[in-house]
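Here the structure comes first, spelled out in structure tokens, and everything after it is commentary.
The values are calculated or read from the model by the stated rules, or taken from the named source; none is laboratory data. This one's a predicted model, so the numbers in the text were calculated from it and none came from an experiment. A quick note on method: Cβ atoms are made from the backbone with ideal geometry, for glycine too, and the neighbour counts reach across all protein chains shown.
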């Protein structure tokens, strides 16, 4: 019996050893086949020819035991430059959390961009277009588009696990490790460094500088990587797990009103004979900041008189195009209710991601993205154009699906709890830390006038409350939606970023 047990144990250990050996061989083979695609290109930027190299590649991340736990895929665009010329480099990512970098990759900052026809309320049926971007930022900086772990072609590798990556701090650590490895590989330690993050990417861009610097308490390691500039688009700086007080909710509602009014103006729901556009916006902003906010706060305490409430409702109807019935129970206008209500008589719903888009109100599948009149219209164009970019321009031969956004495995599992911060803080806390650490760092915050997904008024309110150092933060609004480079704003947007980068490098 003892001999039999020993024999079985020997057999088990032999098979287990073979399994481990097989795993190591698989890992070795994977490293040998590390994905790398390089191509040469030429583009005209503002009338001047520019030669550049496009590199699509994977970089492996390791754990504390020096074992590979993930592959991060990126797309780098590097201008051909003279020896010893130190060029800025911009690391670019989107949000979600769970989104790849496809949206900014095909925007007005990269060498190629999606062509939507027309650019607003575009068709979501092929064929779709891809075109050279003559406003590309390559003339002032090299560009690196990063797909966080689990998005695009980036993926977890055992013994890595989802909990190593899918959370605020975990994500920042993995992105910092990637950027550090990219800098080592390309010998770019002395390059001015910038981040561009969109949507959740703006929150990531607030946290990531702490991981890049490192320290005793936050990451336990010191990287010593600092930044010259941070650019946030479709900006949201509040934690979704933070519970708002009634007064905070009122402040948000008041800050939203100018966005709602701009949409009402766009759809001719405002009597334009009474105002010029600028006069209208000035009047709405003043009303929102004072009378409307005071009314909301008083209403919270049930101290708003019937006459005062009637006066406020009259103004709200004038500015938003909504009927008095809309305000029968509350003075607050929620984005999703407004999207369903503004054009309800025409049986139309407007988009939350861009209110200039619309679709029939009836027969919606009620998916917050697939049925959004904006996202549902331009997503197919972006995905098809990106595949065309990979095949026809970058010569990438990968047959696997490119994960544009993964909610199931990433967004729905995301860990919002933080290290060494109070529960549910605004991400402005992190931004203030890095602004203190790096006195010359500058921040560019931007939003779209027609964005109800991350309304610019919310971002303005967050920055006011954060009390950032004077002169360090630039705030810009564009006549566009969540993707503020769509709808004839791309050229201005690129021009503003170019100016920001050049001024930040002085």
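Side notes on the structure shown:
- Of all positions in the range 87-101, none carries a residue that is in a loop (DSSP other than H, G, I, E, B), without any contact (Cβ under 8 Å) to a residue 60 or more places away in the chain and exposed (fewer than 14 other Cβ atoms within 10 Å of the Cβ).
- Any hit, the range 192-202, residues being in contact with a helix residue (DSSP H, G or I) (Cβ under 9 Å, 6 or more places away or on another chain) and farther than 30 Å from residue 375 by Cβ: yes
- Against the list (1) within 30 Å of residue 131 (Cα to Cα); (2) exposed (fewer than 15 other Cβ atoms within 10 Å of the Cβ); (3) at pLDDT 95 or above, the condition residue 399 fails is (3).
- For residue 325, the requirement of being more than 29 Å from the chain's Cα centre (by Cα) and farther than 20 Å from residue 251 by Cα is met.
- Members of the range 490-502 that are modelled with pLDDT of 95 or more and either closer than 23 Å to residue 455 by Cβ or touching a strand residue (DSSP E or B) at 6+ places or on another chain (Cβ under 8 Å) (or both): 492, 493, 496, 497, 500, 501
- Elements of type helices (runs of 4 or more DSSP H) contained in the range 400-506, each with 2 or more residues being touching a residue at least 12 places away in the same chain (Cβ under 8 Å) and within 30 Å of residue 116 (Cβ to Cβ): 456-466, 490-504
- The range 136-149 - residue that is touching a strand residue (DSSP E or B) at 6+ places or on another chain (Cβ under 7 Å) and over 17 Å from residue 393 (Cα atoms) and, of those, surrounded by the fewest Cβ atoms within 10 Å (Cβ to Cβ): 139
- Qualifying residue in the range 193-214 (condition: assigned to a loop (DSSP other than H, G, I, E, B), over 23 Å from the mean Cα position of the chain (by Cα) and either touching a residue at least 24 places away in the same chain (Cβ under 8 Å) or not assigned by TED's automatic domain parsing to the domain that holds residue 450 (or both)): no
- Residue within the range 225-236 that is modelled with pLDDT of 95 or more and over 26 Å from residue 482 (Cα atoms) present: yes
- Being part of a helix (DSSP H, G or I), touching a residue at least 12 places away in the same chain (Cβ under 8 Å), out of contact with any helix residue (DSSP H, G or I) (no Cβ under 6 Å at 6 or more places or on another chain) and surrounded by fewer than 20 Cβ atoms within 10 Å (Cβ to Cβ) is a property that residue 181 has.
- Whether a residue is touching a strand residue (DSSP E or B) at 6+ places or on another chain (Cβ under 6 Å), modelled with pLDDT of 95 or more, more than 28 Å from residue 167 (Cα to Cα) and in the same structural domain as residue 101 (by TED's automatic domain parsing) was assessed, and residue 476 passes this test.
- Residue 340 being surrounded by fewer than 20 Cβ atoms within 10 Å (Cβ to Cβ), part of a helix (DSSP H, G or I) and touching a strand residue (DSSP E or B) at 6+ places or on another chain (Cβ under 6 Å): yes
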